[in-house]
Amino acid sequence: MASIPLSAGQGPASAPKSDDAPFDPAGLTNARKYLIFAVMAFGQFMALIDIQIVAASLNEVQAGLSAGPDEISWVQTAYLMAELVMIPFSAFLAQALSTRWLFAASAGLFTVASMACGLAWSIESMILFRAVQGFVGGAMIPTVFATGYMLFQGKQRAMIPAILGMVSVLAPTLGPTVGGWITDAMGWRWVFFINVVPGAAVTLAIVALVRVDKADLSMLRRIDWVHLASMAIFLAGLEYVLEEGPKHDWFGEPSIAVAAWVSLVAFGLFLERSFRSAGPIVKLSPFRKPTFAFACVFNLVIGFGLYASTYLIPIFLGRVQGYNASEIGTTVFVAGIAQLLGVPIAAALSQRVDPRIVITFGLSLFAIGLWMFSFMTPDWGFAALFWPQVVRSFAIMLCIVPSVGLALGNFEGAELRYASGLFNLMRNLGGAIGIALVNTWLGDNMRLHALRLSEALGRSAETANEVAAGLAQHIGRYVSDPAVAQRMAEGTLGRLVSREALTLAFDDVFRLMSYFFLAALLMVPFCKPPPIGDPAPKDAH
C-alpha cells in the first residue's frame, strides 16, 4: 500500500516538508483516496441515519424511561437542534483542528454518546446524550463533502455528489426501517449500542489514514464567541419553533412566540458579526456566487421533499393502516432500492449532460412521484405504494447529484469548507421546515375534511342512521346490551369518518408538495454550471 504524505514536521530529514505546502492529492494512490473517502462516507451515514433510526422506537423508549408524550419528542428535537449548530461551525473547526482530528474526534465522541444513550436512565439523561450525539455527528456531514472535493480531480469528482447524495437520502429513508427491526429483535437500547463497534472502527481508521491538511490551533484563540453564540441561538431557536409549532398552535403558544423572537434577534446579530467580525465563525462569502445561492435553494427544496415525504409515509401506514414498525419498514424498503438504482445513472449523466437539464428532469419526476401519492385511499399498502415510492426515490438522486455539483464545483481551499457547511445546512433546514409544514397542513386539512364529511352525513341523515343501525345490529350479535352496541356502532362510524378525513388530508399534502417542486423549476435557467471535467484546484489551506 502506498505511503501517505506525512504532516509538516514528520518527513525525513532528507526531504523536509514546508509548513506552507498545500495538500497535493496526486501524492496519494487512487486506492488510498477511495479508502479515505469510503471511511468518511460511512461516518456520515452513521450521523444521518441516527436522525431517524429512533423514530420507530419512540414508544418503546417512552415506556422504558417512563417519559411523558411531550418529553419523548425531545429525543428527536435535541439531536436536530445540536446538529444544525455544528454543521456550519464544522468548517471553522476543520481548519483549526485539521480534517483528521476533527473527524476522528467527532466519530469517537459520537460513539461514546451512542453508548451513553443506550445506557440512559431517565428522559433527561437521554435528551442530554442525544444533544451531544447530534452536535458531534453534525461535524462529519459537511466535512466529507469538502474532503471528497479535495481528494479527487476532473471526472473522478462526479462520483462524489452521487455517492454522498445516495448516503444523504438512503440514511434517513432506512432509519425507521432499521430502527424498527433492531427494536423488535433486541430492544430499543440496541438502536444506540449498534453504533459502538462501527463508530470505534471509523475513529481508528481516520486517525490511521487521513492526512489531507494541517491544524491551525491559533484560530481557537481568535474565536468570535458572540458570533458563535448568536448562530447557536438562531439555529437552535428556529429548530425549536419548527418542531414544537405544529403541536401547540404556533405563535399562540407564548414559549414558541418568545423563541421565535429570540431566534430572529440572534439571526440579525449573526449577520452583523458575519460581515464585521475580524474572525467570523461562518463566512457567507460563497453566497456571492449566484449559482451557489440557487443551488442552496434547490437543496432547501430537496430537503423539504426528502425528509417530509420520508416522514409522511410511515405516518400514513401507522395511523391509517395500523401497521407496526416491522410492517412499515418492509413497505418503505423499496424506496432505498430505487435510490441505489438511481446513483449510477445520476453519476453518468452528471459527467455528460448539463446539470441544469438533469435537475430539471429530476425535479419534474419528483413532482410526479409526489402527485402519484395524492390519490391514496385508506386501503393503500405495499402494492399501491410501490410505484409512487419508486418514482419519487429514483428522482431524488437526479435532484441531489447536480445540485451538489452546482454548489461546490467552483470552490477551493477554506472557502470550499464553508460552502459545504452552508449547503448541507440548507438541506437540514429544508427538512425541518418541511416536516413542520406538513404536520400543520395535515392537521388543518384533516379537520376541514372531517367537517365536510360530517356535513355530508348530516345532509344524508337517513343513510347515516341506516349504516349505524346496521353496525349496531352486527355488534349486537356479540354484545348483549343494545345501548352498548349502539355506542360502539357510533364510535366505529366516527373512526371511519376520521380515517377517511385523514387519508384525504394526506392526499392534499402530497399535492401541495408537488407544487413546490414544480415552482423550483423557475430557478433552473439562472444557474451557471461549472465546466464538466475541470480539474479540481489544489487546497491551499
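A short reminder: the numbers here are calculations on the coordinates, not readings from a lab. Computed from a predicted structure; not experimentally measured. All Cβ positions, glycine included, derive from the backbone under ideal geometry; neighbour counts span all protein chains shown.
Oblate is the label for segment 246-382, because a/c, from the alpha-carbon gyration tensor with a ≥ b ≥ c as root eigenvalues, is 1.5 or above and a/b does not exceed b/c. Summing +1 for each Lys or Arg and -1 for each Asp or Glu among the other residues whose beta-carbon sits under 13 angstrom from that of residue 81 gives -3. With the gyration tensor restricted to C-alpha atoms of segment 224-280, the semi-axes of the equivalent ellipsoid amount to 26, 9, 7 Å, longest first. Taking the Cβ of residue 388 as the centre, find all other residues whose Cβ is under 14 Å away and add up their charges (Lys, Arg: +1; Asp, Glu: -1). Result for the neighbourhood of residue 388: +1.
As a rough guide to protection, the peptides 184-194, 427-437 ranked by mean Cβ packing within 10 Å, highest first, stand as 427-437, 184-194. Here, segment 368-417 has an Rg and a Dmax of 17.3, 53 Å when only alpha carbons are counted. Starting from the Cα gyration tensor of segment 144-220, take the square roots of the eigenvalues, sort them a ≥ b ≥ c, and report rounded, prolate or oblate (rounded when a/c is under 1.5, otherwise prolate if a/b is larger than b/c, else oblate). Taking the square roots of the gyration eigenvalues as a ≥ b ≥ c, segment 144-220 is oblate. Each 10 Å bin, from zero up to the one with the longest distance, holds this percent of the alpha carbon pairs of segment 24-220: 9, 36, 33, 16, 5, 0. If you sort the three axes of the alpha carbon gyration tensor as a ≥ b ≥ c, you get a/c of 1.5 or more for segment 112-190 and a/b no higher than b/c, which makes it oblate. Peptides 442-455, 118-131 ranked from most to least packed give 118-131, 442-455, packing being the mean of other C-beta atoms within 10 angstrom over each peptide's residues.
The protection proxy used here, the mean number of other Cβ atoms lying within 10 Å of each residue, ranks peptides 281-291, 267-277, 395-405 as follows, highest first: 395-405, 281-291, 267-277. Positive contributions from Lys and Arg (+1) and negative ones from Asp and Glu (-1), summed over other residues with Cβ under 11 Å from the Cβ of residue 244, come out at -4.
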